[in-house]
């Protein structure tokens, strides 16, 4: 072989090798660490409802492809353990909503396999007791969204045979519902919401079979909506249906869900900049219809399904830590 040609081949090979090493070394490492914690003591399921009261997380309802559930489980993050509580008193259901005020949890709407429901119940964690409240005044529905701020709860969107965007307020002090201004954007089902510093953020989901990208903030004190940057501005793959959403450390998070298939992606929302940043992907199996709750600076994603596989694993997200696959 000609010596000059041989040297050229070696030089090109070396350049290719170094270039590949450089690209691997410089590849951006996403921030955030997922850690698996105590599995749910109850049956695997998806489309359960969750809320947090007095530092404990609660999960009830859901569906496993064959059965609907009404058992209630409480999670203690300090002990990393689950305790079964009083069963939800309504008909067994999935795709209901849950929200919490300062002292109580609330669960209502949903689907029992036949009917779209509008009944609602209050849970007192100190007494471990449920009591019915006034029925939700909107149409019976499932796949709605809900959030609590102070002593008020807000429920809207969902599916009653078609997608919806109406919204209602429950005032705990008067035990009454009020129809309030509707979400300003697209109708949707299977959307997501989280609350940061008393302001709610609502988005995601589907309308007429297509993913929606408009994203909104809601000020409960003024009962006004403000459109924020679309979720597709950074990456169209961010749009999803049936994701798990939570807030932690003054930021919002949306993880898992379904787009072209079930997903593991995790996105962080900064309300100060109205911008999204991709974070370390969820480290359990890809899934949709999981639920979530959070305690201070940490968020939890639990249950869900991928096709006919239903899950009972629970994962906690540490937003500021580096990914550690060995923990």
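Structural remarks
- When segment 280-297 is filtered for residues that are touching a residue at least 40 places away in the same chain (Cβ under 8 Å), part of a loop (DSSP other than H, G, I, E, B) and closer than 17 Å to residue 245 by Cβ, the ones remaining, listed by number, are 280, 281, 282, 284, 289, 290, 296, 297.
- Residue check for residue 114: in a strand (DSSP E or B), on the phi < 0 side of the Ramachandran plot and at pLDDT 95 or above: no
- Leading residue by the ranking (surrounded by the most Cβ atoms within 10 Å (Cβ to Cβ)) among those in segment 298-327 that are at pLDDT 95 or above and either touching a helix residue (DSSP H, G or I) at 6+ places or on another chain (Cβ under 9 Å) or in a loop (DSSP other than H, G, I, E, B) (or both): 304
- Test: residue in segment 213-223 that is in contact (Cβ under 8 Å) with a residue 24 or more places away in the chain and closer than 30 Å to residue 76 by Cβ: yes
- Matching entry among 85, 122 (being surrounded by 17 or more Cβ atoms within 10 Å (Cβ to Cβ), at pLDDT 95 or above and farther than 24 Å from residue 46 by Cβ): 122
- Filter result for residue 79 (surrounded by fewer than 20 Cβ atoms within 10 Å (Cβ to Cβ), more than 22 Å from residue 43 (Cβ to Cβ) and out of contact with any strand residue (DSSP E or B) (no Cβ under 9 Å at 6 or more places or on another chain)): no
- Here residue 188 meets the list (1) without any contact (Cβ under 8 Å) to a residue 40 or more places away in the chain; (2) more than 16 Å from the chain's Cα centre (by Cα); (3) crowded, with 23+ Cβ neighbours inside 10 Å almost entirely, failing just condition (2).
- Qualifying residue in segment 259-279 (condition: touching a residue at least 40 places away in the same chain (Cβ under 8 Å), surrounded by fewer than 16 Cβ atoms within 10 Å (Cβ to Cβ) and closer than 25 Å to residue 182 by Cβ): yes
- Checked against the criteria, residue 102 counts as surrounded by fewer than 17 Cβ atoms within 10 Å (Cβ to Cβ), out of contact with any helix residue (DSSP H, G or I) (no Cβ under 8 Å at 6 or more places or on another chain) and closer than 25 Å to residue 171 by Cβ.
The values are calculated or read from the model by the stated rules, or taken from the named source; none is laboratory data. None of the values given here were measured: they were computed from a predicted structure. Positions of Cβ are generated from backbone atoms using ideal geometry, with glycine treated the same way; all protein chains shown enter the neighbour counts.
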